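Trainee: Below you will find the structure I want to go over with you.
The values are calculated or read from the model by the stated rules, or taken from the named source; none is laboratory data. None of the values given here were measured: they were computed from a predicted structure. Cβ: placed from backbone, ideal geometry, glycine included. Neighbour counts: every protein chain shown. In case anyone asks, the SASA skips ligands and DNA or RNA and just uses the protein heavy atoms, side chains included. Shrake-Rupley method; radii C 1.70, N 1.55, O 1.52, S 1.80 Å.
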Amino acid sequence: MHVLAFAETIQLFPDGTIFIHIALILFMIWVLNRTFFRPVNKVIQSRENFKNVEGGEPGSIQQQAAEKEVTYNRELLEARSEGYAFVEKEHAKIVRAREKKLAETKAETDQQIAGEKTDLERQTADAKAAIGPEANELADRIAATVLKS
């Protein structure tokens, strides 16, 4: 019994089977490139691209997020400005309506006061006219009473 079963068939010089071995090795390289090395190389290449580019894909995502934040803040500011303008417009409209109502009420009150003043002046004139003769008569009686004594 031999320790090495195939020890007799070992050849030191290559023969025609070397071309079959080379073809098998090339076929295995082609299969491994297709199934294993190409996806791994893509991952490695993308990592290299991320390292070479400033920030890489995370940097571009952060830049997009920053741009979106700027856009959001600008649109929010515009919406607030429009809201404030709307509130100011409605407030001005309400103030004008209140001032108009106040002016109408003031004019109505002025008319009532003027009417009451003329009515009071008429009543005062009537009272003076009614009291005038009585006051003269009373003054005469007082003077007569004082002179009698």
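Trainee: Can you compute the modelled spin-label distance between Val146 and Glu116, with each label point 7 Å from Cα toward Cβ, in nm?
Mentor: 3.9
Trainee: Once the whole set of protein chains is in place, how much accessible area is left on Arg74, using a 1.4 Å probe, in Å² to the nearest 10?
Mentor: Its heavy atoms expose roughly 120 Å² to the probe.
Trainee: I'd like the accessible area for Lys106, computed on protein heavy atoms only with a 1.4 Å probe and all protein chains in place. Round to 10 Å², please.
Mentor: 130
Trainee: How large is ³J(HN,Hα), in whole Hz, for each residue of the stretch 15-22 in order, when computed from phi with the Karplus curve 6.51 cos²θ - 1.76 cosθ + 1.60 and θ = phi - 60°, using x for Gly and Pro?
Mentor: Listing the rounded values in order: 10, x, 6, 4, 5, 5, 5, 5 Hz.
Trainee: Here's a follow-up. If you only keep lysine pairs separated by 8 or more in sequence, or across chains, how many in the stretch 22-121 come under 17 Å at the Cα atoms?
Mentor: 4
Trainee: Return the sequence-ordered ³J(HN,Hα) values of the stretch 94-105 in whole Hz as given by the Karplus equation 6.51 cos²θ - 1.76 cosθ + 1.60 applied to θ = phi - 60°, using x for Gly and Pro.
Mentor: Running phi through 6.51 cos²θ - 1.76 cosθ + 1.60 with θ = phi - 60° gives 5, 4, 4, 5, 5, 5, 5, 4, 5, 5, 5, 5 Hz.
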